[in-house]
Amino acid sequence: MLSGAPDYFAPLTAANATCIICYMDDDETAAAERELTEFRRWADGRDDMVRRARAAGVSKHRIHVLTGIARTTIDRILKEED
């Protein structure tokens, strides 16, 4: 307990910290949902993007560096094409 803190303040734990999410206002929730929707649009086209880049001559290493996609995932995407 913090020195001088009232007794009714409990230390923050994982159990009560996750409840903070329940209090997000509608604007924050809507913004988060829009962000997730945008991510889904990108993710849905990810494999085709990787295949197009490789067909255009971009190395697997460079695709990895530019996208942050794991090399093993890139290998799997390109193997599915074969």
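Brief remarks follow.
- For the range 25-82, with all protein chains in place and a probe radius of 1.4 Å, 50% of the accessible heavy-atom surface sits on carbon or sulfur.
- Solvent exposure, largest accessible area first (probe 1.4 Å, DNA, RNA and ligands not counted), of GLU80, GLU35: GLU35, GLU80
- Extension gain, ARG51 to ASP26, is 5.1 nm, computed as 0.36 nm per intervening residue step minus the present C-alpha separation.
- Extension gain for LEU66-LEU36 works out to 8.7 nm (0.36 nm per residue, less the C-alpha to C-alpha distance).
The values are calculated or read from the model by the stated rules, or taken from the named source; none is laboratory data. Everything quoted here is computed from the prediction, not taken from an experiment. Keep in mind that these areas ignore ligands, DNA and RNA; they rest on the heavy atoms of the full protein, side chains included. Shrake-Rupley method; radii C 1.70, N 1.55, O 1.52, S 1.80 Å.
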